[in-house]
Amino acid sequence: MTELVLRLQYNYLCKLIDRIYKIIPLKEENVETVESYIRNITDEIMGNAELINSIDCDPRVMIITSTLFSIVGETEHGAYKRSVFKCIRYIEQLKDKVSEELTRCEMRGRSMTD
């Protein structure tokens with residue numbers, strides 16, 4: 001995988017964390033569009049998982065999406081907050097995985113130029 005693709009993946013996962021964290025205030029404020037917001041993120045994750053080889057078939061992607069689906073109907077503040085942070089933890093793990101691949105890619109690139 002190219003360094004550029006890995007950087008794009010890493011940046012996407014960073015942005016995804018921000019977007020998932022935003023669910024908490026949306027739920028707290030009972031924003032009418034929170035359900036569609038969550039469903040859009042879930043659809044996006046599933047679509048991108050196929051494009052991102054490093055996380056394709058990773059069970060954490062399924063855990064993230066199923067946890068997001070569970071948040072849609074959840075009304076108890078503590079429960080949906082825990083679920084949001086659970087998703088963020090798994091995304092952080094995926095970021096670490098991509099970061100490791102990026103480091104290996106960069107090292108291969110350096111060894112080729114040395």
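Readers should treat all values here as calculations from the given coordinates under stated rules, not as data from a laboratory. Here the structure is a predicted model, which is why all the values come from computation and not from measurement. Because the Cβ atoms are built from the backbone with ideal geometry, glycine has one as well, and the counts that use them run over all protein chains shown.
Output yes when any residue across region 52-71 is surrounded by 12 or more Cβ atoms within 10 Å (Cβ to Cβ), in contact with a Leu (Cβ under 7 Å, 6 or more places away or on another chain) and farther than 16 Å from Ile91 by Cβ, and no when none is. No, region 52-71 contains no residue that is surrounded by 12 or more Cβ atoms within 10 Å (Cβ to Cβ), in contact with a Leu (Cβ under 7 Å, 6 or more places away or on another chain) and farther than 16 Å from Ile91 by Cβ.
Screening Leu16 against (1) surrounded by 12 or more Cβ atoms within 10 Å (Cβ to Cβ); (2) more than 28 Å from Met107 (Cα to Cα) leaves a single unmet condition, (2).
Condition check: of a type outside the set (Phe, Trp, Tyr), farther than 21 Å from Lys86 by Cβ and without any contact (Cβ under 8 Å) to a residue 12 or more places away in the chain. Does Asn30 satisfy that? Considered against the rule, which asks whether it is of a type outside the set (Phe, Trp, Tyr), farther than 21 Å from Lys86 by Cβ and without any contact (Cβ under 8 Å) to a residue 12 or more places away in the chain, Asn30 comes out as yes. Across region 1-13, the qualifying residues are those that are among the aliphatic types (A, V, I, L, M) and surrounded by 15 or more Cβ atoms within 10 Å (Cβ to Cβ), and the one among them that is nearest to Met107 (Cα to Cα) is Leu6.
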